[in-house]
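Presented below is the structure to which this report refers.
The values are calculated or read from the model by the stated rules, or taken from the named source; none is laboratory data. Note that this is a predicted model, so its numbers are computed, not measured. When we count neighbours, we look across all protein chains shown, and the Cβ atoms used for this are built from the backbone with ideal geometry, even at glycine. Accessible surface areas use protein heavy atoms only, side chains included; no ligands, DNA or RNA. Shrake-Rupley method; radii C 1.70, N 1.55, O 1.52, S 1.80 Å.
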Amino acid sequence: MWCKYSVQAEAREESSKLDAVGKGKGDANFAVYSSKNFKGYGSLSRGGIDSFKNYSDGLNTPNESFKKYSRGSSAHSEDFTSYAKDANVAIDNFTNYGSSATGGSGGFNNYQDRVNVPNLRFTSYDSDGNKHKLSFSTYSSETNSGSEAFINYGKKGKAVPAEFTSYSSNANTIGSSFAGYGVLGNSANDSFKAYGDSGNNPRNNFKIYGLASKLGIDNFTSYRDSANVGVDSFQSYARDANSGKANFVNYGKTFNVGNSTFKEYGKGSTGSTTIGFKMYDLARSFLDYAKKGVTFAGYTNSSSKETSVNRWVEPGKFFRESVLKQGNVMVMPDIRDKMPRRSFLPRGILSKLPFSTSHLSELRNIFGASMEGMLENALTECERPASRGETKRCVGSVEDMIDFATSVLGLSVTVRTTENVKGSKQEIMIGEVKGINGGEVTKSVSCHQSLYPYLLYYCHSVPKVRGYEAEILDVTSKSKINHGVAICHLDTSAWSPTHGAFLALGSSPGQVEVCHWIFENDMTWTIVD
């Protein structure tokens with residue numbers, strides 16, 4: 001259903017453009033467009049160009065779908081100048097983009113930049129294309145936690161140049177997946193000029209890259225340069241390739257070690273296939289790779305010694321217990337709830353809905369295919385084994401939350417959260433501080449929101465914590481602006497060494513306690529004082 005513009009005449013004009021293009025009557029130039037579903041848009045077009053200057057920019061929850069976009073076109077170009085920029089929770093799906101297109105080009109100048117929670121999917125991108133150039137100038141740069149997936153990229157393409165000028169640069173905790181990249185391609189020329197550079201905890205997964213390609217050139221000029229930790233996996237790279245070239249100029253040259261794995265690197269390649277790494281650094285693992293034609297020009301076995309100011313963990317997000325003293329000045333992180341507004345479900349309805357990754361296909365039918373990435377991410381986290389000493393449960397009803405809290409703490413419980421969001425992203429002064437339960441070491445149940453179609457909380461309890469309530473004051477006037485609740489974890493020995501708290505505090509597991517504020521709409525349950 002098309003969204004309504006404030007000016008009805010503008011809506012009619014845009015609609016008439018769409019009708020005209022659908023009937024092959026000329027070029028289309030959409031200056032401002034949002035929240036649309038396109039089915040069979042630009043199919044069998046001959047020549048011309050379709051242009052979207054501002055598509056779904058600045059929306060809270062854009063949910064877009066292009067099905068069969070520019071399929072079978074000839075000498076036709078598609079151009080998105082700005083696509084879903086500055087959105088909050090973005091769900092986008094291109095089911096079939098540019099398949100069997102001949103000549104022409106497809107370009108995204110700014111795709112999903114500065115999105116809070118991206119959920120992006122290209123199910124089939126330029127399959128069976130012939131010299132149809134693809135270009136992403138800026139792809140999801142400076143985004144926050146989310147996922148991106150190319151299910152099938154450039155399969156059976158012929159002489160298809162594909163270029164990512166900047167892919168997920170400066171992103172935070174982004175998961176990228178290419179299930180099939182350039183499979184059975186012929187004379188393809190693929191280029192990633194900057195892939196995941198300066199990212200925080202990136203997770204990149206290429207399942208099948210360049211399988212049985214012929215005469216292709218794959219080039220990563222900069223891969224994960226200056227990234228902070230993260231996990232990268234190439235399960236099958238350039239297997240059975242024939243007379244091609246795969247080149248990494250700079251791979252993983254980073255100040256903080258990640259984990260990179262190559263399985264089947266160049267295995268079974270024939271002809272004059274050349275594979276080269278000019279700079280490859282830190283935590284590398286090659287399980288099975290071609291013994292001929294592979295060159296490592298700069299392979300570093302030792303960790304980088306340079307120290308750097310951690311720019312990935314927001315100032316004030318984690319702090320030491322000693323900071324919670326009256327009169328101290330500190331930075332308050334952004335504690336605002338950025339999730340879309342949702343509601344709990346009644347327990348009676350909730351009990352009838354499946355809730356596991358094994359029922360993902362059923363859940364996709366209930367909530368829609370566009371929700372699959374969101375569903376899988378939340379369910380995977382809920383099914384993750386508990387850490388040492390942790391008790392955890394995901395809850396979608398208030399009754400389930402209360403039941404979990406009382407099962408851990410007993411029937412005499414109370415719930416607390418920070419009063420409001422005042423002081424976010426600025427310096428604050430700590431006023432009067434009060435220890436919860438007399439400041440004694442205790443345990444609590446903290447509940448944090450998860451992104452899901454209905455309101456879902458990840459609740460967990462860990463032992464050995466201290467809770468605090470603190471007045472938050474304006475630094476200049478010393479007047480009270482907020483009433484904050486903070487939790488200090490005293491035993492961090494089981495935490496990951498790459499946890500953001502240790503990056504922020506310059507320490508390691510078990511060496512320091514870690515404190516954090518309870519954010520808006522999150523909460524902590526404790527025994528009644």
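In the set (1) surrounded by fewer than 18 Cβ atoms within 10 Å (Cβ to Cβ); (2) outside any loop (DSSP other than H, G, I, E, B), the condition left unmet by Ser493 is number (2). Of the residues making up region 176-190, those that are at pLDDT 75 or above and either assigned to a strand (DSSP E or B) or surrounded by 24 or more Cβ atoms within 10 Å (Cβ to Cβ) (or both) are Ser176, Ser177, Phe178.
Restricted to region 225-253, and to residues that are open to solvent by 10 Å² or more (accessible area, probe 1.4 Å), closer than 21 Å to Asn172 by Cα and not assigned by the TED database to the domain that holds Arg203, which residue is modelled with the lowest pLDDT? Across region 225-253, the extreme among qualifying residues is Lys253.
Residue-by-condition table, conditions (1) within 30 Å of Val465 (Cα to Cα); (2) among the basic types (Lys, Arg); (3) free of Cβ contacts under 8 Å to residues at least 24 places away in the same chain:
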position	(1), (2), (3)
Met332	yes, no, no
Arg336	yes, yes, no
Pro346	no, no, no
Ser356	no, no, no
Leu360	no, no, yes
Ile366	no, no, yes
Leu379	yes, no, no
Arg384	yes, yes, yes
Gly389	yes, no, no
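Of the residues screened, Tyr454 is not one that is assigned by the TED database to the domain that holds Gln511, on the phi < 0 side of the Ramachandran plot and outside any loop (DSSP other than H, G, I, E, B). Would it be correct to say that Glu427 is in contact with a strand residue (DSSP E or B) (Cβ under 6 Å, 6 or more places away or on another chain) and among the acidic types (Asp, Glu)? Yes.
Scanning region 502-520 for residues that are surrounded by fewer than 20 Cβ atoms within 10 Å (Cβ to Cβ) and under 22 Å from the mean Cα position of the chain (by Cα) returns Ala504, Glu520. Contact annotation: residue pairs with Cβ atoms under 7 Å, 6 or more positions apart or on different chains, pairing a residue in region 418-446 that is in contact (Cβ under 8 Å) with a residue 12 or more places away in the chain with a partner that is polar (S, T, N, Q) and open to solvent by 30 Å² or more (accessible area, probe 1.4 Å), are Ile430/Gln326; Ile430/Asn328; Gly431/Gln326; Glu432/Gln326; Val433/Gln326. Of all residues in region 320-358, those that are open to solvent by 70 Å² or more (accessible area, probe 1.4 Å), closer than 21 Å to Asp400 by Cβ and within 23 Å of the chain's Cα centre (by Cα) total 3.
Do we find a residue being of a type outside the set (Asp, Glu), at pLDDT below 90 and over 23 Å from the mean Cα position of the chain (by Cα) anywhere in region 440-452? Taking every residue of region 440-452 in turn, at least one turns out to be of a type outside the set (Asp, Glu), at pLDDT below 90 and over 23 Å from the mean Cα position of the chain (by Cα).
Selection of region 110-156 for residues being under 15 Å from Arg71 (Cβ atoms), open to solvent by 10 Å² or more (accessible area, probe 1.4 Å) and either part of a strand (DSSP E or B) or outside the structural domain of Ser169 (by the TED database) (or both) yields only Asn130. If you go through region 157-174 and keep only what is in contact with a strand residue (DSSP E or B) (Cβ under 8 Å, 6 or more places away or on another chain) and buried (at least 20 other Cβ atoms within 10 Å of the Cβ), you end up with Gly157, Val160, Ala162, Phe164, Ser166, Tyr167, Ser168, Ala171, Asn172, Ile174.
Given Glu314, Glu381, Glu376, which one is under 21 Å from the mean Cα position of the chain (by Cα), modelled with pLDDT under 85 and open to solvent by 50 Å² or more (accessible area, probe 1.4 Å)? Step through it out loud before you land on a result.
Details: Glu381 fails: modelled with pLDDT under 85; Glu376 fails: modelled with pLDDT under 85.
Selected residue: Glu314, the only one of Glu314, Glu381, Glu376 that is under 21 Å from the mean Cα position of the chain (by Cα), modelled with pLDDT under 85 and open to solvent by 50 Å² or more (accessible area, probe 1.4 Å).
Which ones in region 159-173 are at pLDDT below 75 and touching a Lys or Arg at 6+ places or on another chain (Cβ under 9 Å)? So that I can check it myself, show each step before the final result.
Our first condition is that a residue be at pLDDT below 75; within region 159-173, this holds for 159-162, 172-173.
Hits for region 159-173 are Ala159, Val160, Pro161, Ala162, Thr173.
Considering each residue of region 133-156, count those that are more than 17 Å from Thr81 (Cα to Cα), small (Gly, Ala, Ser) and out of contact with any Lys or Arg (no Cβ under 9 Å at 6 or more places or on another chain), and give that number. Before you say what the answer is, go through the steps one by one.
Just the residues of region 133-156 that are more than 17 Å from Thr81 (Cα to Cα), to begin with: 142-156.
Filter once more, keeping what is small (Gly, Ala, Ser): 145-147, 149, 154.
Still in the running and out of contact with any Lys or Arg (no Cβ under 9 Å at 6 or more places or on another chain): 145-146, 154.
So the answer is 3.
Taken as a whole, region 393-407 holds no residue that is surrounded by fewer than 19 Cβ atoms within 10 Å (Cβ to Cβ) and touching a Cys at 6+ places or on another chain (Cβ under 8 Å).
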